[in-house]
Amino acid sequence: MADTVAFTVNGKAVEVTADPGLPLLSALREDLGLKSTRFGCGSEGCGACTVIVDGTARFSCTLPLADVAGQEVRTAEGLAGPDGDHPLLTAFLDHQAGQCGYCLPGILMRARALLDRGEPVDRARVAQELDGNLCRCGAHARILDAIMDAAREMGVAT
Amino acid sequence: MSAKLPPGLETAPLVSDWVRPDGDGFAVRTGRAELGQGVQAAMLRIAAWELGLPVERLTITGPDTGASPNEGVTAGSLSMTQGGAALRAATSAARVLCLAEAGRQLNTEAGRLAVIDGAVLEAGVDTGLTLPVLATRVDLDVPVVDHAAPLGQPLDADDTSRHDLRARLTGAPFVHDLSPEGLLHGRVFAPPSMAARLPDALDLAPLEARPGVVAAVRDGNFLGLVAETSAAADSAAAWFEARLEWEGLPIVPSDPHSLLEASTAEMEQLEVPEAGLPSSEPVIDITCRRPFLSHAPMGPSAAMAQWGDDGLTVWSHSQGVYPLRDAMARVLDLPQDAIRVIHTPGPGCYGHNGADDVALDAALLARAVPGHPVRLVWSRATEFRTAPLGAAMATRVRLWMEDGHLSAARVSVTSPPHSTRPGTAGHVYLRAGAMIEGGTPFPPAPDLPANRGNGAARNARPIYAAPALVERKLVDDLPWRTSALRALGGQLNVFAIETGVEAALMAEGLDPFDGRLASLEDTRARTVLEKLREIGADIIGTEEPDRSWGIGLARYKNVAAWAGVLAEIELGDDIRVTRVRAAVDTGEVIHPDGARNQIEGGIIQALSWTLKEAVPLDGARVAAESWEDYPILRFSEVPQIETALIHRPEDPPYGCAEAVAGPASAAVGNAVQRMIGVPIRDLPITRERIIAAVSEA
Ligand code: FES
Ligand code: FES
């Protein structure tokens, strides 16, 4: 049975009419055309689908659409705004942090949720936070370097 | 030009096959796929140097059987050696032709002309001519080889940008993301083994009646569906999967090593020392083994296919669009030119993964809905179960020592085949091709020949200056499908040889560096080892009872890049690799940051294989369905890595991602061996195996 669910994505109001049990990932990719959020496993095992819902990083592959009604969803598309790039995006480009990049939007969202909390973080803390996000290409070291750069830029690095 | 042409120039001999003027710059083409390794960035840099233009004024198109040069398969770290050489020659020829034209127009010697930022200068003065404009006036339909005179190039360490990274961070560049008008969604039902069969009487009507399902497709033992939306495809697939029973599963043990050992295939001698081997007992006799490994890309394999009036178009992340096209033409009984395969980026590629198979799957599904593009993304479980595996293998190493140096070696490799790509040995090797009614056969595969670096026996010849007997037993009748995974047999062979060498040196109380140097004549290997000792100085000598380090060394394929790796480990509740140093001689370094990125990635993946990975089996069935069943290295487990590149501008460039796999694995094993005094024989190296090795000793 289809329902209409209203929420915001990257600050913009959207509505999706679908089965309320549809995973948010599918709604983002197929209904809203926001495809930086990626399918990796569908079972909370890899983090490729990570988005931010009301400030918290969530696996969108298992999150029912109905659960985000009225909430603020953020995806990697939102890092490249009209007013310039978010410090995380700038740092990832500077460090060439990534190879195939399939894992990166999910990692960016997990990192953003962490840095936005405003608590001071160090490299080990960031690495621990990212343990639910896999990267098969082995770009980990650069990804951590880039996130720490962004953390410094945002004033949350210890 | 070297006497032997890069393969691309044989099939695409003309300058215009590779480069054409495009506005105030050029459009260049490459048959090398961007597989996430930054190869296109390196290609652009080569073209920019030769054409005297900034990279921003170039565009690049990747493999497309309708448009690009046929460069075969992007694999085996040959992208730069071969594809780079071809593109370099072609862009150089374009420059030479344009400058000759400028010389005619200016009535001067071409030798007095230079190109800066695309502008032609005579004795330093702007002539008002530009290379892109000149290129529109000269005939580029001429052979590259008649005109190429490459400049060679300075190293510009600042220019590191990969033009495609932004889209990979915030956009939708993947084949998984394609959404043209009329798109339908495919799903396939993966058999538990290639030998499994569908019941003859299988009623597909209930599947076709599921909401949103457009077609159920059965051809022999191939089964899939096409649906209107991705969500409808998922739910119909899950519903039917739970009701589906496969038949005819072969009964085999879940341990591949018992089958490898029991196989009566012949142990074939590949290299025999003239003077034979010593008659004495070897000082070391050790057998190392590894389990099956999964490519396990972050995104499951995917493709899109569309049948039209003039044939079939397929969007694929295959490493070889031409071989894939040719193989699909045989399965589908179509002329080759009725199929067009367009390379579209996919998740990281570490060898022959599921990309080719899923492309045929998509084509078979799309045939049921002519005119509609069908996008097929395998499920994670299908990816684990059906993508080709990296081969399980066993390598026995026997070593003889004399006066503190290695005097002889015997290396015996037992392995299934390492290459079943479409086109290998003239066969189709597409999974569904063998499953459909009257399908193309999937015969046992040969090993890769020596001139392609060997498969099972890759790096089985030790790098040390001692006579060696190298032999291989190819077991080609196992029920699991294997194909090329990064470094092929080289990972285990280097692990086994270096484990044996370390054991021999420890028995004589010799230092890992000095002991190896005493048996090493290859000067570039010696330089790599010295460099490694230098950059590892802060680790060497700091060992404690629960902290240790070890090294591994090899020259990839015995003819490509040299790599030495030092790994520091700590043994606590678990074994952790804490710091890694790598010294790599990869010939000319075209894109230093890209090379470092590749080396780091190769090391981290090899550490993951070494510490964690093993494909779980349940008889002939791969028993992994999710990441829980196949853990890989996580962020908090990744060591700090430092890399030293030894730049040799006068030498050809070698790929580097695969070169570090064996040495990195060996370095970890040797760090453990130096800590506990006995070698670890079986991968992955877990805490339990370390404890078992200690208690056996
Ligand atoms: S796709 Fe959601 S965690 Fe893997
Ligand atoms: S960059 Fe390829 S999976 Fe992370």
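The values are calculated or read from the model by the stated rules, or taken from the named source; none is laboratory data. Please read these numbers as outputs of a predicted model, since none were measured by experiment. As a convention, Cβ positions derive from the backbone with ideal geometry for all residues, glycine included, and neighbour counts pool all protein chains shown. Remember, those area values only see protein heavy atoms, side chains included, never the ligands or the DNA or RNA. Shrake-Rupley method; radii C 1.70, N 1.55, O 1.52, S 1.80 Å.
Considering only residues of the range B:579-617 that are under 19 Å from B:LEU683 (Cα atoms) and not aliphatic (A, V, I, L, M), which is nearest to the other protein chains (Cβ to nearest Cβ)? Of everything passing the filter in the range B:579-617, B:GLN605 is nearest to the other protein chains (Cβ to nearest Cβ).
Listed here are the residues, each with its yes/no results for (1) under 25 Å from B:ARG398 (Cα atoms); (2) touching a Pro at 6+ places or on another chain (Cβ under 7 Å).
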| residue | (1), (2) |
| --- | --- |
| B:THR440 | no, no |
| B:ALA445 | no, yes |
| B:ALA484 | no, no |
| B:GLY490 | yes, no |
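Of all residues in the range A:11-25, those satisfying the criterion of being in contact with a Pro (Cβ under 9 Å, 6 or more places away or on another chain) and within 15 Å of ligand 1 (Cβ to nearest atom) are A:LEU22, A:PRO23, A:LEU24.
How many residues does the range B:520-542 contain that are open to solvent by 60 Å² or more (accessible area, probe 1.4 Å) and in contact with a Ser or Thr (Cβ under 9 Å, 6 or more places away or on another chain)? Residues that pass the stated criteria total 0.
Looking across the range B:376-394, just one residue is open to solvent by 10 Å² or more (accessible area, probe 1.4 Å) and basic (Lys, Arg), and that is B:ARG385.
Is it true that B:GLY124 is more than 14 Å from every other protein chain (Cβ to nearest Cβ), at positive phi and at pLDDT 90 or above? It is false that B:GLY124 is more than 14 Å from every other protein chain (Cβ to nearest Cβ), at positive phi and at pLDDT 90 or above. For the range B:502-514, a residue qualifies if it is in a helix (DSSP H, G or I) and open to solvent by 10 Å² or more (accessible area, probe 1.4 Å), and the qualifying residues are B:ALA503, B:MET506, B:ALA507, B:ASP514. Selection of the range A:96-111 for residues being more than 10 Å from ligand 2 (Cβ to nearest atom) and either facing chain B (nearest Cβ under 9 Å) or in contact with a strand residue (DSSP E or B) (Cβ under 6 Å, 6 or more places away or on another chain) (or both) yields A:GLN96, A:PRO105, A:LEU108, A:MET109, A:ARG110.
In the condition set (1) within 9 Å of another protein chain (Cβ to nearest Cβ); (2) surrounded by fewer than 24 Cβ atoms within 10 Å (Cβ to Cβ); (3) not polar (S, T, N, Q), A:ASP122 is compliant with all but (1). Restricting the range A:125-144 to residues that are away from ligand 1 (no atom under 16 Å from the Cβ) and among the charged types (D, E, K, R), which is nearest to the other protein chains (Cβ to nearest Cβ)? By that ranking, first place goes to A:ARG142. For the range A:24-64, filtering for residues that are closer than 12 Å to A:PHE7 by Cβ and within 16 Å of ligand 2 (Cβ to nearest atom) leaves 0. Please work out if B:LEU517 is open to solvent by 10 Å² or more (accessible area, probe 1.4 Å), of a type outside the set (Lys, Arg) and in the same structural domain as B:TRP400 (by TED's automatic domain parsing). Judged against the criteria, B:LEU517 is a match.
Listed here are the residues, each with its yes/no results for (1) in contact (Cβ under 8 Å) with a residue 40 or more places away in the chain; (2) among the β-branched types (Val, Ile, Thr); (3) on the phi > 0 side of the Ramachandran plot.
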| site | (1), (2), (3) |
| --- | --- |
| B:ALA172 | no, no, no |
| B:PRO192 | yes, no, no |
| B:ARG210 | no, no, no |
| B:GLY220 | yes, no, yes |
| B:THR229 | yes, yes, no |
| B:GLU247 | yes, no, no |
| B:ASP255 | yes, no, no |
| B:SER258 | no, no, no |
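A count restricted to the range A:17-74 and to residues that are touching a Leu at 6+ places or on another chain (Cβ under 7 Å) and open to solvent by 50 Å² or more (accessible area, probe 1.4 Å) stands at 1. Does B:HIS372 count as modelled with pLDDT under 95 and either open to solvent by less than 30 Å² (accessible area, probe 1.4 Å) or farther than 25 Å from A:GLY47 by Cβ (or both)? So B:HIS372 does not fit the description; no.
Of all residues in the range B:339-355, those being within 14 Å of chain A (Cβ to nearest Cβ), out of contact with any helix residue (DSSP H, G or I) (no Cβ under 7 Å at 6 or more places or on another chain) and more than 24 Å from B:GLU600 (Cα to Cα) number 1.
Among the conditions (1) open to solvent by less than 10 Å² (accessible area, probe 1.4 Å); (2) more than 7 Å from chain B (Cβ to nearest Cβ); (3) within 16 Å of ligand 2 (Cβ to nearest atom), the only one that A:LEU89 does not satisfy is (2). For the range B:166-182, the count of residues that are part of a strand (DSSP E or B) and either away from every other protein chain (no Cβ under 14 Å) or closer than 19 Å to B:VAL369 by Cα (or both) is zero.
Scanning the range B:494-550 for residues that are among the hydroxyl-bearing types (Ser, Thr, Tyr) and either within 20 Å of B:ILE641 (Cβ to Cβ) or touching an Asp or Glu at 6+ places or on another chain (Cβ under 9 Å) (or both) gives B:THR527, B:THR542, B:SER548. Looking at the range B:323-338, can you tell me whether even one residue there is away from chain A (no Cβ under 14 Å), more than 25 Å from the chain's Cα centre (by Cα), buried (at least 24 other Cβ atoms within 10 Å of the Cβ) and farther than 23 Å from B:LEU485 by Cβ? No: the range B:323-338 contains no residue that is away from chain A (no Cβ under 14 Å), more than 25 Å from the chain's Cα centre (by Cα), buried (at least 24 other Cβ atoms within 10 Å of the Cβ) and farther than 23 Å from B:LEU485 by Cβ.
Only one of the numbered conditions (1) open to solvent by 20 Å² or more (accessible area, probe 1.4 Å); (2) touching a residue at least 60 places away in the same chain (Cβ under 8 Å) is violated by B:LEU488, and that is (1). Among the residues here, B:ILE540 qualifies as within 19 Å of B:THR499 (Cα to Cα), assigned to a loop (DSSP other than H, G, I, E, B) and away from ligand 1 (no atom under 16 Å from the Cβ).
Taken over the range A:127-140, the criterion of being in a helix (DSSP H, G or I) and surrounded by 23 or more Cβ atoms within 10 Å (Cβ to Cβ) is satisfied by A:LEU130, A:HIS140. Each residue in the range B:625-654 was checked for being closer than 30 Å to B:PRO479 by Cα and either in a helix (DSSP H, G or I) or more than 22 Å from the chain's Cα centre (by Cα) (or both), and 5 pass.
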